[in-house]
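First the structure, in the form of structure tokens, and then the observations on it.
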Amino acid sequence: MRIVISGTVGVGKSTTTDLLVKTLRDKGYEVNHIKENTVVSPYLTYFYTEPSKWAFIAQLDFLIERFKQWLIDEKKRSKSTNKKLITIYDRHFIDDYIFAELHSIKENISQINSIVYQTVYKELLDKLIDADAKPDFFFLLEADLSTIVERLKKRGRKIEVNTEEEYWKELYDSYYIKPKFKYHFNKYSKKVLPINTENKDSTKIVSEIITKMNIK
């Protein structure tokens, strides 16, 4: 089984994923935990401070790194005989389309570089389809925009706090409002399920996810 925990920055993906991994392991499942590694990317700070200069190379780097994680996991899965094996992604390269498209619209990525990016991205999505490796569940964590902005301020990462709120609103709209991205998630996942995280602690959110996965 392949699971994606997705949603906009600050919605609680990593906290939810960490607890979900622990809960499933406690139940006896073997879990491959694929963490979001863009936070250690050498381009991340540049990406936030000078997006018009760094957005293309940063987004390409994020995409390739996430694809490499996927490729490594698929190789592990092919060698495993454990029927209880579950892979859980803290964001998947399926998500990358949103970020690259947003920066193309904002003209932080030029038209020609956008074409290059989309060509590479399509090739990687084709690999996903060819491997018959669509996520079984794509859990889209949701919360009010005001809640998300408050969470970003509370956790206090300098590059996030210094980012204009308009960017978080545009990213929020892409994840939860624009139909083209909903179509994209549905096209490349077997089942997309929204999870409202508003006024819920992590334990309750994880319990809801496990129930939807039909895991005892």
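Every number here is computed from the coordinates shown, using simple stated rules; none is lab data. Predicted model, so just to flag it, every value in this text is computed and none were measured. No Cβ is skipped: glycine too gets one built from the backbone with ideal geometry, and neighbour counts run over all protein chains shown.
Identify the residue in region 1-45 that is closer than 17 Å to K68 by Cα and part of a helix (DSSP H, G or I) and, among all such residues, is nearest to the chain's Cα centre (by Cα).
T38
Sort out which residues of region 203-216 are touching a residue at least 60 places away in the same chain (Cβ under 8 Å), in a helix (DSSP H, G or I), β-branched (V, I, T) and surrounded by fewer than 18 Cβ atoms within 10 Å (Cβ to Cβ), and write them in order of number.
Those that are touching a residue at least 60 places away in the same chain (Cβ under 8 Å), in a helix (DSSP H, G or I), β-branched (V, I, T) and surrounded by fewer than 18 Cβ atoms within 10 Å (Cβ to Cβ): T203, I210.
Report the residue count in region 167-202 for those that are without any contact (Cβ under 8 Å) to a residue 12 or more places away in the chain and assigned to a loop (DSSP other than H, G, I, E, B).
Going through region 167-202 one residue at a time, the tally reaches 5.
Can you confirm whether region 8-17 contains a residue that is of a type in the set (D, E, K, R), under 15 Å from I205 (Cα atoms) and exposed (fewer than 14 other Cβ atoms within 10 Å of the Cβ)? Before you say what the answer is, go through the steps one by one.
Within region 8-17, the first condition is being of a type in the set (D, E, K, R), and the residues that meet it are 13.
Then drop every residue that is not under 15 Å from I205 (Cα atoms), which leaves 13.
Okay, now just the ones that are also exposed (fewer than 14 other Cβ atoms within 10 Å of the Cβ), so none.
Looking through region 8-17, none of the residues is of a type in the set (D, E, K, R), under 15 Å from I205 (Cα atoms) and exposed (fewer than 14 other Cβ atoms within 10 Å of the Cβ).
Could you tell me how many of the residues in region 77-96 are part of a helix (DSSP H, G or I) and surrounded by 12 or more Cβ atoms within 10 Å (Cβ to Cβ)? Reasoning before the result, please.
First, the residues of region 77-96 that are part of a helix (DSSP H, G or I): 77-79, 96.
Restricting the remaining residues to those that are surrounded by 12 or more Cβ atoms within 10 Å (Cβ to Cβ) gives 77, 96.
Number satisfying all stated conditions: 2.
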